[in-house]
Amino acid sequence: MRKYFAGVSAISLCALAAPALAETAEEAAAVFGARQSVLHVSLSPSGKKLAYVAPFGSHGETLYTVDLEAGTPPQRSLVSDDISGDLTSCRWVTDERLICRLYMTTKDATLGKFLGGTRLIAIDADGQNAQSIEAPRNLRALAGIWNGGSIISLNSESSDSSILMSRQYVKEESLNTRLANSEDGIGVISYDIVSGKERKVEGPDKDARFYLADDSGRIRIKATQNLNPSGYYDDTVAYFYRTADSDRWLPLSRVEVAKGYTPGFRPQAVDAKSNLAYGYDVDESGHYALYSMSLDGANTRTKVFAVSDYDVDDVVTLGRRGRVIGASYATEKRYVRYFDPVMDELATALAGALPGRPPINIAGASSDENELLVIAASDTDPGMLYMFDQTAKSLSPLLPIREETVGRQLASMKAVTYTAADGTRVPAYLTLPPGSDGKNLPAVVMPHGGPSARDEWGFDWLVQFFAARGYAVLQPNFRGSAGYGANWFGENGFQNWRTAISDVNDAGRWLIAEGIADASKLSTVGWSYGGYAALQSQVLDPSLYKAVVAIAPVTDLRRLREEDREFSSYSLIAKQLGDGPHLVEGSPTQNVARFASPVLIVHGDADQNVNVEQGRRMNEALVKAGKTVEYIEFDDLAHDLDDSAARKEMLVKIDQFLAASLRN
């Protein structure tokens, strides 16, 4: 296999001069706080054109299209610079026209909360003939704006300009019967992005949540979830299927969804040739495994793939309609098990040509699958986008995923385990500053968000910032994390907060015991649930961490439970959190008297995941209790603070806060 750069110089950024290592917090924050240079990529049906979404300014996005065959410079085709609207993806439908997805937020005056929704836009490669795809009504504007549909299937032939997409219908009353709409729920339409014509494929179902098509473009799976008399979703999602030769819906499986690791088949993709649905279920060991279910009326269930002690958590697909080619899972690193022998051989060859990296990610393919978009990344490399030509056996670099880090020496991440107080071995990732001997360092314990999530080996911009500033970073996958099975997950990190937070604190004690951390310069930093864990660590041991940073944190469990009462998901959130003394004992705002260390809280006021009132009330409680606290709030920013300027400002402030708090 050979690598070559010919013909891609117009968009290749590999030749940029390597920047000097940042000497100040501002310089490091500018590098690592910058959003990634490539946010989404797509390859046209012919494989001759590339589309990618990149940042525009501090918080906007722009679509670039590139004619790879002509070698012309990237052309800016679409810009979204509204802070309340994000251009999340653009996908080729034909070689001349794309379908783009916008995610938008607005503050509801009645609820006083931010609501989100989607809008699909069809557009030519040169930015002309933009067409917003909306439901054919004007009586309920919000329904049209905030339920813009989602793409279910693209075409399989480059001449086909239609897509399958979901369509939200809202029942309306009108004295004029011609304007009245009696249909309610989610259905499916075929939409031609060139002519603008649409055809109803699936009538609306008021209980439908989503649909799945097989790789021939036929709708085969429907998921439904009923609303109870109070207007809240039931805990059970029911899945239905169709046989290959019938439109009749038949029952497939039922799953309780409020808590993790409940039994039941969860379909993710359908293979038309084998007439099988692929999805997850909990096996006899209490881990998620990959199963298939026959869609022939027999509902034959077969375990396809499982990994001892870990969950299988992703079905890997390829092509414009999602042909199933494998499954993915994470142990110490992430791996892919390819079922397709051709793809297995190819992935092995590509991994050999790109040493030092885990299995590659195939991010796109031409219709004939001859041209593939490949992303290769590691802990010390945010990633490079390549084009692989299967006929020519050539691998061409196109774009770095993070332009600002090109040429920098980044810190290595190492998988470790430590022993918790009860003797349990807890998996974690340790990152040391480049060139460090790993002894007597200022250190950060950084619990992940979720809580039903886990950290993985790979590039992490927040970790790399701390390493660049001289900190050791330990990321514990505490009990309550996902990925390790039902026993490890337990009731989740809120209901079993004592176990989860004890593991987080034991991570700090391990750093000290190993001589990695200077006990007087040990801190904890977390985002979302991680911010909750950072704060709650003070409740169990106020003396361990000398500084606490909480970004977009949950701070009051009972308030979190009640915040969703106006939404249909309330009953599910209530079950996840449970009820009882832990709602008070496990809430940082209710236990501020225990706090001994200085606290920095950061929050965006447009956060839909964790209401900004959680951060505000924590700040107020600490101030009222006479504790040391600083509070930063960013206007119009959501949970991930997806704004380069805001992230830079935040990182500089965190650096200053830690330096002042950890001073001897």
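The values are calculated or read from the model by the stated rules, or taken from the named source; none is laboratory data. Since the model is a prediction, treat every value here as computed from it, not as a measurement. Note that we place each Cβ from the backbone using ideal geometry, even for glycine, and neighbour counts take in every protein chain shown. Note: areas computed on protein heavy atoms with side chains; ligands, DNA, RNA excluded. Shrake-Rupley method; radii C 1.70, N 1.55, O 1.52, S 1.80 Å.
General remarks:
- The range 640-661 residues that are on the phi > 0 side of the Ramachandran plot, paired with ones that are open to solvent by 10 Å² or more (accessible area, probe 1.4 Å) (beta carbon under 8 Å, 6 or more apart): 641/634; 641/647
- Of the listed requirements (1) surrounded by 18 or more Cβ atoms within 10 Å (Cβ to Cβ); (2) modelled with pLDDT of 95 or more, residue 487 misses just one: (1).
- From the list 466, 489, 494, the one residue that fits, being touching a His at 6+ places or on another chain (Cβ under 9 Å) and within 25 Å of residue 555 (Cα to Cα), is 494.
- Selection within the range 303-322 - modelled with pLDDT of 95 or more, outside any strand (DSSP E or B) and closer than 29 Å to residue 151 by Cα: 311
Residues are listed down the side, and each one gets a yes or a no for (1) small (Gly, Ala, Ser); (2) open to solvent by 30 Å² or more (accessible area, probe 1.4 Å); (3) in contact (Cβ under 8 Å) with a residue 24 or more places away in the chain:
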{"residue": "236", "(1), (2), (3)": "no, yes, no"}
{"residue": "278", "(1), (2), (3)": "no, yes, yes"}
{"residue": "301", "(1), (2), (3)": "no, yes, yes"}
{"residue": "304", "(1), (2), (3)": "no, yes, yes"}
{"residue": "320", "(1), (2), (3)": "no, no, yes"}
{"residue": "345", "(1), (2), (3)": "no, yes, no"}
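- Residue in the range 342-354 that is under 28 Å from residue 482 (Cα atoms) and either of a type in the set (Lys, Arg) or assigned to a loop (DSSP other than H, G, I, E, B) (or both) present: no
- Test: residue in the range 20-39 that is under 26 Å from the mean Cα position of the chain (by Cα), at pLDDT below 95 and either of a type in the set (Phe, Trp, Tyr) or in a loop (DSSP other than H, G, I, E, B) (or both): no
- Only residues that are assigned to a strand (DSSP E or B) and surrounded by 17 or more Cβ atoms within 10 Å (Cβ to Cβ) were counted in the range 61-79, giving 9.
- Tabulated pairs, the range 191-207, first open to solvent by less than 70 Å² (accessible area, probe 1.4 Å) and in a strand (DSSP E or B), second of a type in the set (Ser, Thr, Tyr) and at pLDDT 95 or above, C-beta under 7 angstrom, 6+ apart or interchain: 202/211; 205/224
To keep it simple, each residue is scored yes or no on (1) modelled with pLDDT of 95 or more; (2) more than 23 Å from residue 364 (Cα to Cα).
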{"residue": "61", "(1), (2)": "yes, no"}
{"residue": "67", "(1), (2)": "yes, no"}
{"residue": "70", "(1), (2)": "no, no"}
{"residue": "84", "(1), (2)": "no, yes"}
{"residue": "89", "(1), (2)": "yes, no"}
{"residue": "98", "(1), (2)": "yes, no"}
{"residue": "111", "(1), (2)": "no, yes"}
{"residue": "114", "(1), (2)": "no, yes"}
{"residue": "125", "(1), (2)": "yes, no"}
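- Some residue of the range 282-291 being part of a strand (DSSP E or B) and surrounded by fewer than 19 Cβ atoms within 10 Å (Cβ to Cβ): no
- The sole residue among 472, 500 that is open to solvent by less than 20 Å² (accessible area, probe 1.4 Å), over 19 Å from the mean Cα position of the chain (by Cα) and more than 26 Å from residue 257 (Cα to Cα) is 472.
- Counted as qualifying within the range 372-432 are the strands (runs of 3 or more DSSP E) with 1 or more residues that are surrounded by fewer than 20 Cβ atoms within 10 Å (Cβ to Cβ) and among the polar types (S, T, N, Q), namely 394-400, 413-419.
- Considering the range 323-341, and only residues there that are among the charged types (D, E, K, R) and in a loop (DSSP other than H, G, I, E, B), the residue that is farthest from residue 393 (Cα to Cα) turns out to be 332.
- Of the criteria (1) open to solvent by 20 Å² or more (accessible area, probe 1.4 Å); (2) touching a helix residue (DSSP H, G or I) at 6+ places or on another chain (Cβ under 7 Å); (3) modelled with pLDDT of 95 or more; (4) not β-branched (Val, Ile, Thr), which one residue 585 fails: (2)
- If only residues of the range 611-650 that are in contact with a Lys or Arg (Cβ under 9 Å, 6 or more places away or on another chain) and in a helix (DSSP H, G or I) are counted, the one that is most open to solvent (accessible area, probe 1.4 Å) is 617.
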